[in-house]
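K.L.:
Okay, here's the structure, questions in a sec.
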Amino acid sequence: MGVESLIVFLLIGAIAGWLAGLIVKGFGFGLLGNIVVGIVGALIAGFLFPRFGFAIGGGILASIINATIGAVILLLLVKVLRRV
C-alpha cells in the first residue's frame with residue numbers, strides 16, 4: 001500500500017466516521033475516533049453487504065457511502081449495548 005492509498009484510506013474513514021456521528025446523535029469521538037469508527041464501519045459494510053446482495057458501486061463516493069452505512073450500524077450497536 002502506497003502513501004497515497006493510505007492517505008485516501010484514512011480520509012475516507014474520517015469522513016465516514018464524521019458523517020455517522022452526525023447521523024447517530026450523541027456520538028463525537030474526535031478526528032482519530034472518527035477515523036477508527038469509519039474504518040471499522042467499512043469493514044462491517046464490506047462483510048455484510050455482499051452477503052445481502054447489496055452493492056453501491058465503485059469509486060471514492062461509493063466507498064464513503066459504504067463506510068458511512070457500516071459506521072452507522074456500528075454506532076447503533078454501541079448505543080444499544082450501552083443501554084444494557
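The values are calculated or read from the model by the stated rules, or taken from the named source; none is laboratory data. Owing to the predicted nature of the structure, the values given are computational and were not obtained by experimental measurement. Cβ atoms come from the backbone with ideal geometry, glycine included; neighbour counts cover every protein chain shown.
K.L.:
Would you mind telling me which numbered condition in (1) assigned to a loop (DSSP other than H, G, I, E, B); (2) without any contact (Cβ under 8 Å) to a residue 24 or more places away in the chain GLY26 fails?
P.N.:
Failing condition for GLY26: (2).
K.L.:
Please find, within segment 1-33, the residue that is nearest to the chain's Cα centre (by Cα) out of those that are farther than 25 Å from LYS79 by Cα and of a type in the set (Val, Ile, Thr).
P.N.:
VAL8
K.L.:
Within segment 44-74, how many residues are among the small types (Gly, Ala, Ser) and surrounded by 12 or more Cβ atoms within 10 Å (Cβ to Cβ)?
P.N.:
The qualifying residues number 7.
K.L.:
How about segment 71-84: which of its residues are over 11 Å from LEU19 (Cβ atoms) and within 9 Å of the chain's Cα centre (by Cα)?
P.N.:
If the condition is that a residue be over 11 Å from LEU19 (Cβ atoms) and within 9 Å of the chain's Cα centre (by Cα), then ILE73, LEU74 are the ones that fit.
K.L.:
If the requirement is being surrounded by 11 or more Cβ atoms within 10 Å (Cβ to Cβ), part of a helix (DSSP H, G or I) and at pLDDT 90 or above, which of these qualifies: GLY41, GLY33?
P.N.:
Step by step, each of GLY41, GLY33 is checked, and only GLY41 is surrounded by 11 or more Cβ atoms within 10 Å (Cβ to Cβ), part of a helix (DSSP H, G or I) and at pLDDT 90 or above.
K.L.:
Tally the residues that are modelled with pLDDT of 90 or more and among the basic types (Lys, Arg), restricting the search to segment 44-84.
P.N.:
Within segment 44-84, residues that are modelled with pLDDT of 90 or more and among the basic types (Lys, Arg) number 1.
K.L.:
I've got another one for you. Going through segment 47-64 one residue at a time, which ones are assigned to a helix (DSSP H, G or I) and farther than 14 Å from ILE12 by Cα?
P.N.:
Correct list: PHE47, LEU48, PHE49, PRO50, ARG51, PHE52.
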